[in-house]
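Quick note: the coordinates plus some simple rules give every number you see, no bench work behind them. Given the structure is predicted, the values throughout are model-derived calculations rather than measurements. So basically every Cβ, Gly included, is an ideal-geometry build from the backbone, and we count neighbours across all protein chains shown.
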Amino acid sequence: MRIKQISVYQQTQALLRKNFLKKWRMKRESLLEWGIPVLVGVYLSLFSYFGENIHFHEKPPQDLGRVDKFNMSSTMIVYTPVSNITQQIMNKTAAAPFMKGTKIIGVPNTTYMDKILLENLPYAVGIIFKDSFSYKLRFFLGYAAPFLEEEFSAHCWETYDDFSCILSRYWNRGFVTLQTLINSAIIEITTNHSVMEELMSVTAINMKTLPFISKDFLQNEIFILVCLLYFSPIMYFVSLDITKERKKSKDLMKMMGLQDSAFWLSWCLIYAGFIFIISIFIATVITSSEIIVMTGFLVIFTLFFLFGFSLIALAFLMSVLLQKAVLTNLLVFLLTLFWGCMGFTAFYRQLPSSLEWILSICSPFAFTSGMTQIIRLDYNLNGVIFPDPSGDSYIMIATFSILSFDGLLYLLLALYFDKILPCKWE
């Protein structure tokens, strides 16, 4: 048994030297193999430099003042339908001191309302009464009623001596003020008791704003996609080398008594070394250019290395199953792109966590989920401390375990199918 192990070791060592010598002689292909990842790293550095990165610091609670501090004299109010009750409500609303000069128009239907609102953007407001007690406000979206931004976007901005948050627009641009006026008018008409002063004296405080790091629109998505396809040039040469070498050496190795495991192990070691080096490079680029701020080099390197290793094993498996370099390259690229893009469902929180773990059997999906976790923690200024099973870091440890499992699974399947499937070379 020991003789066989030594023999396999010697065979692997000899094939490893042969493969390395072949790579050294084919300088043009090797230059492309190494040069493209370097160019991608340079692109990511420029991408980070020219992209928008907002680092918002923690802010204390902010006093927004009273409801009636907003002056609505420059606002036009359009309401529908026109009836005795709605006219009384709007007359009570217009009687407020800070409503002096406000133009109030009643129209028969929403068609007329929309026309007037479009002609007087963004300072026109629509009120649609459903009955005597319920209504709907129609503001110009983005002004008094702000857009609800996607996750990882900036929701607060620092000014020279203060800061502003997007949700405070409801308070500062008249949405809450007008709503309070209408509510007090409805209450007074219904109960014959004025609550205007009590409602107008309400004050608001913006709670403590936690720090965050936000990026420009689609910046995170583009970054993940580039990282997902970072190893594609390497996978092209893996598929090409494996397919050609199996075609030339399969029968010869059997005649010489060489083990199949030595063939696979030699190529696995040489490309694992390639992946190791370029993973160091890309992790250095990401951390030094501050694309990822809070998570350290070791975590990012480990994620890239395990993902690259799993892709090598996947290329081995596809080369055994398909036995054609072109088809192997195409299928590995499409599988990486498809399952990696499927991983964006984790980025947008579209899948239950249990299904995410099941789909992580596909390593591109697991890689995208891991990058999403790093970006999500980075947004909230929480880094992954590795190794640290406490807090959210255990998710990254689980991701590393799944990527390792994926790589070993693909490799074992490649060895299994290599033994049972006949080679059909054209």
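Given charges of +1 on the Cβ of Lys and Arg and -1 on the Cβ of Asp and Glu, with all other atoms neutral, how large is the dipole of the range 27-109 about its Cα centre, in debye to the nearest 20?
Dipole of the range 27-109, to the nearest 20 debye: 460 debye.
Contact order normalised by length for the range 62-209, with contacts defined as Cα pairs under 8 Å and 6 or more residues apart; what percent is it?
The normalised contact order for the range 62-209 reaches 32 percent.
Spelling out what I want: for every residue of the range 311-326, take phi, set θ = phi - 60°, compute 6.51 cos²θ - 1.76 cosθ + 1.60 (Karplus), and round to whole Hz; glycine and proline get x.
5, 4, 5, 5, 5, 4, 4, 5, 5, 6, 6, 9, 6, 9, 4, 5
Neighbour counts of other C-beta atoms within 10 Å: give me 157, 267 arranged from fewest to most.
So the residues, fewest neighbours to most, are 157, 267.
Can you give me the long-range amide H partners of residue 204? Hydrogens built in the peptide plane at 1.01 Å from N, cutoff under 5 Å, separation of 5 or more residues or another chain.
Answer set, sorted by chain and number: 64, 65.
Hey, with R₀ at 45 Å, roughly what FRET efficiency would residue 357 and residue 28 work out to, going by the Cβ-Cβ distance, to 0.05?
Working from the Cβ atoms, E equals 0.60.
Using label points projected 7 Å from each Cα along Cα→Cβ, tell me how many nm separate residue 419 and residue 95, to one decimal.
9.2 nm
Using a 7 Å offset from the Cα along the Cα-to-Cβ direction at both residue 349 and residue 74, what is the distance between the two label points in nm, to one decimal?
With each label placed 7 Å out from Cα toward Cβ, I get 3.6 nm.
Quick check on my link table: of 244/324; 100/130; 244/419; 115/136; 22/244; 69/130, which ones sit more than 20 Å apart, alpha carbon to alpha carbon?
100/130; 69/130
Tabulate in residue order the Karplus-calculated ³J(HN,Hα) for the range 224-240, using 6.51 cos²θ - 1.76 cosθ + 1.60 with θ = phi - 60°, rounded to whole Hz; enter x for Gly and Pro.
5, 5, 5, 5, 4, 9, 4, 8, 4, x, 5, 5, 4, 6, 4, 4, 5
By how many nm would the segment from residue 158 to residue 194 grow when fully extended, if each residue of separation counts as 0.36 nm and the alpha-carbon distance is taken off?
9.0 nm
Please arrange 412, 351, 181 by counting, for each residue, the other beta carbons lying within 10 Å of its beta carbon, fewest first.
Ascending Cβ contact count within 10 Å gives the list 412, 351, 181.
Ratio to report: Rg/Rh of the range 62-209, with Cα atoms as the point set and Rh obtained by the Kirkwood method; give two decimals.
A ratio of 0.99.
Evaluate E = 1/(1 + (r/R0)^6) for residue 280 and residue 136, where r is the Cβ-Cβ distance and R0 equals 56 Å; express this FRET efficiency to the nearest 0.05.
0.45
Got a sec? Charge dipole of the range 62-209, +1 on Cβ for Lys and Arg, -1 for Asp and Glu; which of 121, 101, 86 is way out at the positive end?
Of 121, 101, 86, it is 86.
Once every Cα of the range 271-370 carries one equal point scatterer and solvent is ignored, give the base-10 log of I(q)/I(0) from the Debye formula at q = 0.20 Å⁻¹, two decimals.
So the normalised log intensities are -1.08.
In debye to the nearest 20, how big a dipole does the range 62-209 give about its Cα centre with +1 on each Lys and Arg Cβ and -1 on each Asp and Glu Cβ?
520 debye
Through the Karplus equation 6.51 cos²θ - 1.76 cosθ + 1.60, θ set to phi - 60°, convert the phi angles of the range 264-274 into ³J(HN,Hα) values in whole Hz; use x for Gly and Pro.
Result, ordered by residue: 5, 5, 5, 5, 5, 5, 5, 7, 5, x, 4 Hz.
Excluding residue 109 itself, calculate the net charge of residues whose Cβ lies under 15 Å from the Cβ of residue 109, where each Lys or Arg counts +1 and each Asp or Glu counts -1.
+3
Determine, for 90, 342, the number of other Cβ atoms within 10 Å of each Cβ, and report the residues in order from fewest to most.
Ascending number of Cβ neighbours within 10 Å: 342, 90.
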